[in-house]
Structures are given as C-alpha cells and as structure tokens.
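Each reported figure results from applying straightforward, stated rules to the coordinates on display, with no laboratory input. None of these values were measured; they are calculated from a predicted model. Note: ideal-geometry Cβ built from the backbone for every residue, glycine included; neighbour counts use all protein chains shown.
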Amino acid sequence: MAGDFFERVYAYLQKVPRGKVVTYGQIARALGAPRMARQVGYALHVNPKPGVIPCHRWVNRCGGRAPAVAFGGTDAQKQLLLAEGVEVRADNTVDMEKYQWRGE
DNA sequence: CTCTTGACGCACA
DNA sequence: GTGTGCGCCAAGA
C-alpha cells in the first residue's frame, strides 16, 4: 500500500539524528524509490504527526525548500536547525557536505 | 473514472 | 556553468 510508504518516510525521518538533515532524493532512494522524491515531500505535506515529525530536518537537494511554505515559516525552520547545531546560511540553506546525514 | 497539481530530481540544450 | 524541460507516483478536485 502506498500509504505504507509514507510511514516508511516518517520512520526514516525519525531515524535521522539531531543536528543532521536529509534530502528528499536521499530518503526516496534509501526507501528504494529514487523516483518518489516528490511523494516524500508529499508525506511531509500531510504531516499527520506534527511535533513528532521534525520536518525541519527535511530539505531538498538545494539544502533548502520553498521560500514561505514551511510549517511555521522559513525563519522558524532556520531557528530550529540552528538550535540543533546546524549552520544555516542567509539563504536558509544548510551545508549539505557537513550536515547531510549519509545514513549508517 | 479522468485531469491537474505537486515541500523534487535529473537529463539535455 | 546556466537555463529549460521532462519524468516519476500519488492525492485532490
């Protein structure tokens, strides 16, 4: 069931350690669906468990995201990442080379 | 049941 | 190196 895929995404997100970020493509690929990057984003869009699903750790390949479509605003996102020790640039982008979680 | 849109990613020009 | 287009799967209308 496709919905199960969503659960899989949430599980992966919860598996991400604090202070690290992951990209849609990376998650999708990790789940065995490199073409489902969009659905991964959709999974966050529905976000059935706010507070449990740290969406702020979810970034696109650019290390950022939509300019003003976040759960609480890009600025809030930025603050959360900074609170976790993730260096966020003025463009709301993260240093992928340093903070992108490569899994295990 | 069909068409459009979508928090993306990659290939090609 | 930059810009544009297309593809993938799913959910909403």
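Points worth noting:
- Cβ-derived FRET efficiency at R0 22 Å, residue A:33 paired with residue A:98, nearest 0.05: 0.25
- Seen from residue A:39, the other residues with C-beta closer than 13 Å to its C-beta sum to a net charge of +2, counting Lys and Arg as +1 and Asp and Glu as -1.
- Classification of the range A:1-60 by its C-alpha gyration tensor yields an oblate form. The axis ratio a/c (a ≥ b ≥ c) is 1.5 or more, and b/c is at least a/b.
- Calculated log₁₀ intensity ratio I(q)/I(0) where the Debye formula runs over C-alpha points of chain A, q = 0.16 Å⁻¹: -0.62
- Over chain A, relative contact order from alpha-carbon pairs under 8 Å, at least 6 apart, %: 32
- Sorted fewest first by neighbouring Cβ atoms within 10 angstrom, A:45, A:56 come out as A:45, A:56.
- Which of A:58, A:101 has the fewest Cβ neighbours within 10 Å, and the rest in rising order: A:101, A:58
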